[in-house]
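Worksheet: one structure, shown below.
The values are calculated or read from the model by the stated rules, or taken from the named source; none is laboratory data. None of the values given here were measured: they were computed from a predicted structure. Note: ideal-geometry Cβ built from the backbone for every residue, glycine included; neighbour counts use all protein chains shown. These area figures cover heavy atoms from the full protein model, side chains too; ligands, DNA and RNA do not enter into them. Shrake-Rupley method; radii C 1.70, N 1.55, O 1.52, S 1.80 Å.
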Amino acid sequence: MEAGLRTELAGIRMQNPVMVCSGTWGNGREYAEWIDPGALGGIITKSVTLRPCPGNPPPRIWETPSGMLNSIGLENRGLAAFLEEDLPWIAGFGVPVFVNVAGFSEEEYAEVAAEVCASGLAAAVELNISCPNVKKGGLHFSSSHEDAARMVSRVRERADLPVFVKLSPRLNDLKGMCAAVARAGADGLSLVNTIPAMSIDVERAVPRLGNVTGGLSGPAMHPVAVLAVWEAYQSVGIPIVGMGGIWGWEDAVEMIMAGATAVAVGTVNFVDPGAPLAVVEGIRGFMTRKGVARVGELVGLAHRGGFRDEGKGRAPGSG
Amino acid sequence: MPAGYVAQIVEKNVFGCATELVLDLPRGFEAHPGQFLHVRCGGDGRILRRPFSLTVSQRGELALLVRPAGEGSRWLCARRVGEELDFLGPLGRGFSILDAGEHVLVAGGAGIAPLRFLALDMRKRKLRPSLCWGMENEEDYGTLPEILAGECDLSLATRDGSAGFEGTALDLLFSQARTESAAIYACGPRDMLSGMARWLGEAGRERAQVSVEERMACGVGACRGCAVPVTDAGATYAAACREGPVFFARELDWERM
Ligand SMILES: Cc1cc2nc3c(=O)[nH]c(=O)nc-3n(C[C@H](O)[C@H](O)[C@H](O)COP(=O)(O)OP(=O)(O)OC[C@H]3O[C@@H](n4cnc5c(N)ncnc54)[C@H](O)[C@@H]3O)c2cc1C
Ligand SMILES: Cc1cc2nc3c(=O)[nH]c(=O)nc-3n(C[C@H](O)[C@H](O)[C@H](O)COP(=O)(O)O)c2cc1C
Ligand code: FES
């Protein structure tokens with residue numbers, strides 16, 4: 001069955017379709033104490049910026065019903081430290097590393113992407129143009145299709161690896177945006193980043209987060225993410241990495257059926273470090289039960305009328 | 001090594017406002033005072049784990065001492081003997097026992113939990129720490145002070161003066177005579193810790209360790225959600241869960257706390 005989990009994403013070969021989301025897995029060291037990073041489909045690293053970034057003032061997190069808000073604000077040690085210490089280490093596990101890139105200007109994104117590609121250690125670049133937690137940059141770069149497309153082509157000129165564009169679900173016209181970045185040269189989409197959100201402490205009448213606003217992640221946002229993947233799949237042909245509130249294998253399979261070629265799990269890592277591998281096992285079990293030979297057959301299946309072949313609805317254990 | 005565990009509650013004691021849950025931990029489970037467990041606290045839409053310091057029971061077994069602050073901690077207090085808890089741990093950096101002539105522990109509220117564990121470690125090294133512990137009122141303590149009095153030199157404070165000194169644990173600390181070189185170990189609300197840091201001055205902050213409480217998501221240093229401001233040129237943050245929760249008072253930027 002191992003062959004059945006293999007997949008390919010913009011030419012990148014993966015042993016299974018399950019990755020970990022940017023910013024929810026540090027740069028791997030913390031969770032390498034808990035699971036074998038080499039068993040993942042791929043690793044998406046924490047957003048890296050050209051210069052070190054201290055991040056936002058605390059409090060940075062707040063739990064909401066079945067979800068959480070965060071306003072980390074791109075805290076990272078900067079590109080030089082990342083290239084020297086983090087990337088070589090995380091690349092040593094032999095699974096594709098997608099380096100998530102952020103910045104405060106188009107030049108910065110392009111510069112960071114170029115250096116990441118030049119390192120020879122990354123498999124792809126994921127452009128974070130949807131961070132709700134920084135005042136300059138972040139979401140600002142996807143405020144219009146033109147801005148986003150210009151950013152993508154600037155990066156595309158300097159990057160010789162596949163470029164994935166990570167988008168927010170809070171866009172007026174997600175389909176139009178997907179089409180615009182695809183035309184500008186994006187090789188894939190990462191859907192979605194957290195949803196801009198906030199919470200107020202009514203006893204004190206002040207916002208809960210030091211940064212006032214944050215981003216919502218976790219099960220509460222999952223259906224929003226499924227819709228985004230669904231719409232993107234209808235509008236563009238480039239592959240999609242689905243993410244947002246994946247808590248178990250069913251959520252992952254749902255994303256895949258909505259059109260994602262691969263998935264990434266985020267917030268659930270905080271609760272259960274073993275979750276990404278449990279998702280892999282769950283997908284494997286589901287495929288066996290349904291008699292699905294290759295995970296690729298599930299991609300976008302819900303757009304094609306679902307399981308129709310009688311033979312694919314067999315009873316548990318019979319595969 | 002930290003790991004994920006499911007451990008049975010083998011004993012439950014209620015001390016005033018706090019509930020002690022003694023855990024049946026696997027052989028070889030080793031922890032230091034100041035380290036914590038990241039505990040699943042039921043469902044109802046609560047997805048994140050909650051951090052609780054490791055403490056010890058009267059017999060020296062590892063335990064939690066939980067004071068209800070919200071839904072998750074209330075759920076924990078309602079667990080019964082025989083039920084199981086799901087946690088990650090032990091996590092974080094604990095206290096270091098300094099080479100000092102005098103060891104003073106300062107606890108506010110449930111901050112007593114890690115300090116009771118620390119006091120046990122000190123006794124094993126033939127040290128006799130003194131402990132200042134503050135609560136709102138007498139009922140909050142229950143019978144725990146009677147037990148603790150056998151474990152260290154204990155003095156109590158209550159805001160309403162119903163037991164011990166009238167005021168906070170900090171007021172109590174200020175009221176007592178100390179040698180210059182005393183080592184201080186504190187755990188309690190943010191106000192208490194920053195009040196203490198101001199009072200100590202630069203030299204005192206070298207010899208004082210504090211366990212900070214910050215909201216946590218991952219508990220292992222991966223999400224950067226539990227940031228506390230540190231004193232370095234870049235005005236950066238440390239992760240309370242991994243680089244802490246115990247810090248030397250001099251490591252933290254109290255102006256930005
Ligand atoms: C390292 C560490 C060790 C701790 N040890 C103990 C302990 O031994 N015994 C104990 O009773 N409590 C301890 N706490 C505090 C405990 O984690 C919180 O009371 C608990 O998470 C609250 O969860 P809840 O669902 O009950 O409340 P919520 O509804 O989430 O919150 C209720 C109130 O508690 C505050 N709060 C929530 N999370 C935290 C937090 N992580 N730290 C401080 N305040 C918080 C909220 O701001 C709110 O005012 C510790 C916290 C940390 C960070
Ligand atoms: C604490 C935290 C930090 C995050 N940091 C980043 C980041 O640095 N860059 C980024 O592109 N997305 C970041 N994200 C968003 C996640 O990568 C992901 O898109 C989102 O959380 C939805 O997935 P989830 O619900 O499974 O967590 C972060 C999310 C969380 C919860
Ligand atoms: S709680 Fe995630 S870094 Fe501390």
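When A:I12, A:I72, A:I44 are screened for being in contact (Cβ under 8 Å) with a residue 24 or more places away in the chain and touching a Lys or Arg at 6+ places or on another chain (Cβ under 7 Å), only A:I72 passes. Mind listing whichever residues of the range A:269-306 are part of a helix (DSSP H, G or I), within 16 Å of ligand 2 (Cβ to nearest atom) and either free of Cβ contacts under 8 Å to residues at least 40 places away in the same chain or open to solvent by 40 Å² or more (accessible area, probe 1.4 Å) (or both)? Hits for the range A:269-306 are A:V271, A:A275, A:L277, A:A278, A:G282.
Conditions (1) more than 14 Å from chain A (Cβ to nearest Cβ); (2) more than 12 Å from ligand 1 (Cβ to nearest atom); (3) part of a strand (DSSP E or B); (4) free of Cβ contacts under 8 Å to residues at least 12 places away in the same chain, marked per residue:
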position	(1), (2), (3), (4)
B:T19	yes, no, yes, no
B:E30	yes, yes, no, no
B:G42	no, no, no, no
B:L48	no, no, no, no
B:F52	yes, no, yes, no
B:S73	no, no, no, no
B:V81	yes, yes, no, no
B:A107	yes, no, yes, no
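Might you check whether a residue that is within 14 Å of chain A (Cβ to nearest Cβ), within 16 Å of ligand 1 (Cβ to nearest atom), under 20 Å from B:C187 (Cβ atoms) and not hydrophobic (A, V, I, L, M, F, W, C) occurs anywhere in the range B:83-90? The answer is yes; a qualifying residue exists. The residue list B:R224, B:R242, B:R198 contains one member that is at pLDDT 95 or above, open to solvent by 20 Å² or more (accessible area, probe 1.4 Å) and out of contact with any strand residue (DSSP E or B) (no Cβ under 7 Å at 6 or more places or on another chain), which is B:R242. If you check A:A225, A:A205, A:A262 for being surrounded by fewer than 20 Cβ atoms within 10 Å (Cβ to Cβ) and either more than 11 Å from ligand 2 (Cβ to nearest atom) or closer than 30 Å to B:V220 by Cα (or both), only one passes: A:A205. Within the bounds of the range B:124-146, is there any residue that is in contact with a strand residue (DSSP E or B) (Cβ under 9 Å, 6 or more places away or on another chain), near ligand 1 (Cβ under 10 Å from one of its atoms) and not acidic (D, E)? No: the range B:124-146 contains no residue that is in contact with a strand residue (DSSP E or B) (Cβ under 9 Å, 6 or more places away or on another chain), near ligand 1 (Cβ under 10 Å from one of its atoms) and not acidic (D, E). All conditions in (1) within 14 Å of chain A (Cβ to nearest Cβ); (2) at pLDDT below 95; (3) open to solvent by less than 20 Å² (accessible area, probe 1.4 Å) hold for B:T231, with the sole exception of (3).
On the stretch given as the range B:139-158, residues that are surrounded by 15 or more Cβ atoms within 10 Å (Cβ to Cβ) and closer than 15 Å to B:A110 by Cα total 9.
The residues of the range B:226-252 that are assigned to a loop (DSSP other than H, G, I, E, B) and under 20 Å from the mean Cα position of the chain (by Cα), listed by number, are B:C226, B:A240, B:C241, B:R242, B:E243, B:G244. Residues in the range A:28-46 that are small (G, A, S), within 11 Å of another protein chain (Cβ to nearest Cβ) and open to solvent by less than 10 Å² (accessible area, probe 1.4 Å): A:G28 alone.
Residues checked against (1) within 16 Å of ligand 2 (Cβ to nearest atom); (2) buried (at least 21 other Cβ atoms within 10 Å of the Cβ); (3) over 20 Å from A:P273 (Cβ atoms):
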residue	(1), (2), (3)
B:G4	no, no, no
B:E11	no, no, yes
B:T55	no, yes, yes
B:L64	no, yes, yes
B:E83	no, no, yes
B:L98	no, no, yes
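Residues of the range A:55-108 that are small (G, A, S), surrounded by 24 or more Cβ atoms within 10 Å (Cβ to Cβ) and away from ligand 3 (no atom under 16 Å from the Cβ): A:A102, A:G103.
Test B:E214 against the criterion of being away from ligand 2 (no atom under 16 Å from the Cβ), part of a loop (DSSP other than H, G, I, E, B) and surrounded by fewer than 24 Cβ atoms within 10 Å (Cβ to Cβ), and give yes or no. No; evaluated as a whole, the condition is false for this residue. Any residue at all in the range B:188-203 that is within 11 Å of chain A (Cβ to nearest Cβ) and under 20 Å from the mean Cα position of the chain (by Cα)? Looking for residues that are within 11 Å of chain A (Cβ to nearest Cβ) and under 20 Å from the mean Cα position of the chain (by Cα), one finds at least one in the range B:188-203, hence yes.
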